[in-house]
1. Considering (1) touching a residue at least 60 places away in the same chain (Cβ under 8 Å); (2) surrounded by 17 or more Cβ atoms within 10 Å (Cβ to Cβ), say which one residue 183 fails and leave the rest.
2. Kindly indicate whether residue 50 is in a helix (DSSP H, G or I), in contact with a Phe, Trp or Tyr (Cβ under 9 Å, 6 or more places away or on another chain) and modelled with pLDDT under 80.
3. Which count do you get for residues in the stretch 159-176 that are within 17 Å of the chain's Cα centre (by Cα), assigned to a helix (DSSP H, G or I) and either under 14 Å from residue 145 (Cβ atoms) or of a type in the set (Gly, Ala, Ser) (or both)?
4. Collect the residues in the stretch 118-132 that are in contact (Cβ under 8 Å) with a residue 40 or more places away in the chain and surrounded by fewer than 17 Cβ atoms within 10 Å (Cβ to Cβ), keeping them in residue-number order.
5. For residue 110, state whether it is without any contact (Cβ under 8 Å) to a residue 60 or more places away in the chain, within 21 Å of residue 181 (Cβ to Cβ) and buried (at least 18 other Cβ atoms within 10 Å of the Cβ).
6. Scanning the stretch 133-172 for residues that are polar (S, T, N, Q) and within 23 Å of residue 77 (Cβ to Cβ), which turns out surrounded by the most Cβ atoms within 10 Å (Cβ to Cβ)?
Amino acid sequence: MRKKAKKFQYRSRSPYVMYMRITEYEMQGIDHFLELTGRARKLGQQDLEQLVAKASNNVPDDWLVDDFAQLDEFTSLFAEFAIVGLWRCIELYRKRVILFAFGTQAATKVFRHKEFQKQLKSLGIDETQIRCARSVDELRCLNNSIKHSQRVNEELAEFTRWKNKKGDKLGDLESHYRRLRPVAERYLKDFSWRLDRIWKSKITHNT
């Protein structure tokens with residue numbers, strides 16, 4: 001007796017893994033930007049040092065002091081851009097997730113942190129329990145400090161590394177970018193895994 005062919009069942013792929021890959025590419029772009037600016041700073045410093053070496057003894061000691069200071073200022077500025085860009089990657093991933101899960105109207109509220117957490121709760125995810133969530137929240141507060149005053153604000157001062165620094169200038173943030181970059185990726189991977197698990201459970205339930 002001829003066996004009856006099994007009916008083919010199409011299963012949609014979870015979009016969250018794809019969103020994660022897009023975000024990884026965006027983050028790698030920021031890494032590349034910071035690497036290029038680091039090279040530019042090094043070359044600029046070498047050029048200034050060569051000018052100093054070639055200058056006659058009649059040139060004042062502080063001849064190029066403003067130029068060296070400007071190099072440091074640009075380095076700090078590039079690090080700020082990197083921090084803001086890194087947080088933007090997190091925000092865009094969150095927006096894609098909420099847009100897919102709840103639609104356009106809900107996605108417009110994703111930039112409000114409490115509202116985003118509330119939306120995730122309705123998916124069954126406690127945002128504070130995502131791996132490295134505390135460090136990512138520090139990134140959020142650091143981004144806000146850069147954009148609003150370039151000083152340590154009240155929210156940021158609640159984190160260990162910024163304790164008793166409220167009102168202080170943020171300073172050079174490159175080391176903070178290097179510290180927060182890998183934890184942001186771990187956060188996104190765990191977040192993506194949790195979303196993917198929910199997606200697969202719904203697909204299984206509906207088949």
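The values are calculated or read from the model by the stated rules, or taken from the named source; none is laboratory data. All figures in this text were calculated on a predicted structure; none of them were measured in a lab. Quick reminder, even Gly has a Cβ in these numbers, built from the backbone with ideal geometry, and neighbours come from all protein chains shown.
1. Checking residue 183 against (1) touching a residue at least 60 places away in the same chain (Cβ under 8 Å); (2) surrounded by 17 or more Cβ atoms within 10 Å (Cβ to Cβ), the one that fails is (1).
2. So residue 50 fails the test.
3. The qualifying residues number 2.
4. Result: 123, 124, 131.
5. no
6. 145
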